[in-house]
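The values are calculated or read from the model by the stated rules, or taken from the named source; none is laboratory data. Computed from a prediction, not measured in an experiment: that's the story for all the values here. In this analysis, Cβ positions are derived from the backbone assuming ideal geometry, glycine residues included, and neighbour counts consider all displayed protein chains.
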Amino acid sequence: MGNHFFDKATMPAGQDRVDGRAKVTGTARFAAEHPVPELTYGVLVCSTITKGHIKSLDTKAAEKAAGVLAVLSHLNSPKVPGFDPPKPANKDEKPRAWDGLKVFYSDKIYFNGQPIAVVVADTYERALYAATLVKAEYIKEPHQTDFNANIKQAASPKGGGDDYTRGEANAWKKAPVTLEAEYIVPFEVHNPMELHAIIAVWEAEDKITVYDKTQGPKDTQQSIMQAFNLPEKNVQVVTEYVGGAFGSALRTWPHEIAAMLAAKKVNKPVKLVLGRDNMFTLVGYRPYTIQKIGLGATEDGKLTGITHTAISQTSSYEEFTEGAVGVSKFLYACPNVNTSYKLIPLDIGTPTWMRGPGEATGCFALESALDELSYKLNIDPVELRLRNYAETDPQRNLPWSSKYLKECYQMGAEKIGWFQRNRNPRSMQEDGMLVGYGMSTGVFGAFRWNATAKGIFHADGTLTVQSAVSDMGPGTSTSMVNIASEAFGLPHDKIKFELGSSSLPPGPTQGGSGTTSTLGSAVHEVCVELTNQLKQLALSAGNSPFKNAKPEGLAVENGNVLLVADRNIKMSYVDILKQHNKPELEFMKESNAGEEQKKYSMYSYSVHFTKLHVHPSTGVITIKKVVTAGDAGKIVSEKTARSQMIGGVTGGIGMALTEEGIIDHRYGRYVNNNLADYHVPVNADVPEIEALFVNRPDPYLNPMGAKGMGEIALIGYAASVANAVYHATGKRIRDLPITLDKIIS
Amino acid sequence: MIPFEYIRPSGQKAALDAIAKDASAQFIAGGTNLVDLMKKGVVSPQKLIDIGKLPLKEIKEANTGLHIGALALNSDVAENEIVKTKYSLLSQALYAGASAQLRNMATVGGNIMQRTRCTYFYDTTMPCNKRKPGSGCGALKGYNRMHAIFGASENCIAVHPSDMCVALTALNATILVSNNKGERKIPFGEFHRLPGDHPETDNTLQKGELITAIIIPENNLQHSCYLKIRDRASYAFALVSVAAALEIADGKTKDVRLAMGGVAHKPWRLTDAEKFLKGKPATENNFQQAAQIAIKGAKGYGNNNFKIKLASAAITEALNKAAGKA
């Protein structure tokens, strides 16, 4: 692939993950692995009812058990000031309310699995045992966890719905060709391999350090400051390595506050690691969502109306919303679009963003519906999308900052042999299997927020770049090293990127596919400024080889400032520092998005193609090949970008075929809360995945021209499978996951 | 996990004496199921007798057939050359089970003794007659996608999760057990029980007895297939599985063995279907008819209704594959 961002000798295209060795050799330190003296262990006791009150809590046996230091509950927990913020002196100012469950705050039970106590002991095993000795009695109230039984409760979110009309509402109904269908996305649980974990260490009465699994060290710091009413300098969050999260570590959850309370109570560091079962109840999930899509088109396949409505759910104590219907507003050129989004509060924990978030839910519906419409129109699904290609943003009436979606369709279609297929359903066979080809589009906003980075060039010729960000797996460290290498003109092995601590310059929370764009901009700007300073220093050095040169006449490459007119005339960075007797050169800068955000609509795109086999009598689905083509702007780290696409598609395979959190509504409890029964795809489910990149820069978003990629890798993917299953079998499955019973029934 | 005592006797006699003395003790070998059950609080033995050091790992041919020690690892059996060539069905079934890591720990005896994976059995806050007799069956009117379609009772609709046991049932294996007074043989098909009124009792092993070996008689079943249908390609329990083995002479079925997994409280032998096929031409049509006979009497409980149709399709497919027709 030509046109690579790093086509200079300093940066080989196959640049390895800078933390790869640490991860595979086990030296990388994850939250629960930090050695802390006098460590004690906390184990949660969780509610076994779904709604009601704790009548009594017998903790005596647990307290007497060997090694137990304390049992904390709403009866004896230290207060959390942030749960009851004082009224501000200024009447117009609103007190900052606590978001989410207030752990150990009252006897009230909001969901099954809610923490009701934490047992702290000198060893993990003793805490685990003592936790079984805590006996709770409850006053039960009838609970509601069944989405379908409560559908009449659906209402617009208090914080505002996603009600939108362009042109005429429900115009699809008047079209010559129409389609209306309902699609279901079930509960899905993030289930990163690393369990959520925290070690809480109170350094003083009002000073705390936590080693925590979080996607945002600064966000977690803010939450802790709010909870315990502490100044920023007294809260330190360390999150050096994160073993996957997919959104589950985007906010501060009850177990984190519980660990901090426990540590306060026993006056010792407390480590708290969730069990896999807690991962289903305490750290969010993708909400159950039912969507209806109405599509209207002319006979020649021009969309005349799109109606997209969604009903999703939240918890009884907190409102969570996501952009499920947003994609229908701008993905296709259509004069008439209306959307609505409603919520049902249920007695379950609050959902949260899960990779792709609402757009993944929305694109499953929209992209399945487009496929259904293509058969009604007898137009190839790729062709149908091209006939409705939005050349400008129909929602905001703005030009795109960049859009190479057409190229994605073309690259992907060619690679998988799309146009060689027989388009009729159930028409293709291979090795006794039904063969299906399916495709779909994914889209997600290309964002840029604020970030601060610091660069320090040392006398030994190495560069350290810092920012308080976490890397949950996409390869942020690698990308930042690559960007710094490009901007600063230094080989990557002389650059170190430091992250994972709230005490570093403030970086963004890793989410919404915005890290590379946001933080990369700051790193880029800092590095460019450092090179400018080096150029100035080179010109003013006593032995400067650049007589009468101007800064504009200088360039940087491989650790040297050199003369553009004669690249053999150069001065090394190390020498420049030495000449000026400087031990190091340091620069820190906050980087912000500018006016370009108002002038352009900015999105990343993906197109997924899937080839699969369906066994004609048992319904077993085997994905044979995946080609995913992405328009994510310039690719700044080819290898980790490819890995991220493969990972996203793998998550998409889970969404399409296997993943579903199942609750027995009689009890309000999950019945598959482990990795044996909640099926994420294993290697044997995942075929060759080819990730293709258009790899052309976005001219407006940021200095690198890089757009986000994490979400588009997954968004839309499930529809390509559903569409391929239809092509293979003639059977349209509209509720995920597509398990074989739905095929053969 | 509750505190427990742990001993590791050096010989078989010491192990059998230890269990005879202590009603609350349990044997542990690979521990791939028992440790999970203990962590979940499903079982709470006060003493574990680790039999890992007993000399029961040998896989050897004897005049009675293949003798496999109870402590032979699932992976060792699966990889064994004799097993792969003469008892391929067993090797196939073992490879279909669990994951490489689990097969490296799990023993043959432990595989036979593993408990159901019914979610209501595992969650101690839920009703389960198997775990707590009289508390009810959570699965009967609950989430029962994985559950039995044959031989269940109102008290329990759980299934036995093993793949290996399905193959051993089909191969007419015998289980050798000992206690401190002597030893006895149990035909494989008589080892596991149906739930009836006592789902808490999985099998006919008596207190104080230890599985020491299994014996598989020689056979001429040169065509075999273990077909496992599951929700993902590996590391998932069977929705249904079929062990099919055929001896074909002159295009006719001379001998046939059929058993299913994931459908009953025990490995489910399909004797009527076997009778039908015996002596008949090994054709797809006959296989389909056999499958129809096999699913007679099957009963679904809601989420698992699809298993009846799936079972029929899987039986036909497994027979086709065994006979080389698929």
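Couple of notes before you dig in:
- Flag if A:Lys535 is of a type in the set (Lys, Arg), part of a helix (DSSP H, G or I) and free of Cβ contacts under 8 Å to residues at least 40 places away in the same chain: yes
- When the helices (runs of 4 or more DSSP H) confined to segment B:24-134 are screened for residues that are over 30 Å from A:Thr50 (Cα atoms) and within 14 Å of chain A (Cβ to nearest Cβ), those reaching at least 1 such residues are found at B:88-96, B:100-105.
- Top-ranked residue of segment B:221-243 - restricted to ones that are more than 14 Å from every other protein chain (Cβ to nearest Cβ) and touching a Lys or Arg at 6+ places or on another chain (Cβ under 8 Å), ranked as farthest from B:Leu310 (Cα to Cα): B:Leu221
- Selection from segment A:416-439 of residues that are crowded, with 20+ Cβ neighbours inside 10 Å and within 14 Å of another protein chain (Cβ to nearest Cβ): A:Leu434
- Test: residue in segment B:232-251 that is in contact (Cβ under 8 Å) with a residue 12 or more places away in the chain, within 30 Å of B:Ala18 (Cβ to Cβ) and buried (at least 19 other Cβ atoms within 10 Å of the Cβ): no
- Residue in segment A:325-341 that is under 24 Å from A:Ile109 (Cα atoms) and either part of a loop (DSSP other than H, G, I, E, B) or charged (D, E, K, R) (or both) present: no
- Single match in A:Gly668, A:Gly633, A:Gly661 (criterion: of a type outside the set (Asp, Glu), touching a residue at least 40 places away in the same chain (Cβ under 8 Å), within 12 Å of another protein chain (Cβ to nearest Cβ) and on the phi > 0 side of the Ramachandran plot): A:Gly668
- Only strands (runs of 3 or more DSSP E) whose full extent lies in segment A:411-506 are considered here, and the ones with at least 3 residues that are over 30 Å from A:Glu529 (Cβ atoms) and modelled with pLDDT of 95 or more are A:433-445.
- Within segment A:606-630, the residues that satisfy the criterion of being over 26 Å from the mean Cα position of the chain (by Cα) and within 14 Å of another protein chain (Cβ to nearest Cβ) are A:Leu612, A:His613, A:Val614, A:His615, A:Pro616, A:Ser617, A:Thr618, A:Gly619, A:Val620, A:Ile621, A:Thr622, A:Lys624.
- Filter result (among the basic types (Lys, Arg) and out of contact with any Ser or Thr (no Cβ under 6 Å at 6 or more places or on another chain)) within segment A:432-465: A:Lys454
- Among residues of segment B:144-182 being surrounded by fewer than 24 Cβ atoms within 10 Å (Cβ to Cβ), in contact with a strand residue (DSSP E or B) (Cβ under 7 Å, 6 or more places away or on another chain) and of a type in the set (Ser, Thr, Tyr), the one that is farthest from the other protein chains (Cβ to nearest Cβ) is B:Ser178.
- Meets criteria (part of a loop (DSSP other than H, G, I, E, B) and in the same structural domain as A:Glu552 (by TED's automatic domain parsing)) for A:Gly520: no
- Filtering segment B:293-312 to residues that are under 19 Å from B:Ala170 (Cα atoms) and either within 14 Å of chain A (Cβ to nearest Cβ) or touching a His at 6+ places or on another chain (Cβ under 8 Å) (or both) leaves B:Ile295, B:Ala311, B:Ser312.
- Residue match in segment A:272-280 (condition: in the same structural domain as A:Asp219 (by TED's automatic domain parsing), under 19 Å from A:Tyr211 (Cβ atoms) and in a strand (DSSP E or B)): yes
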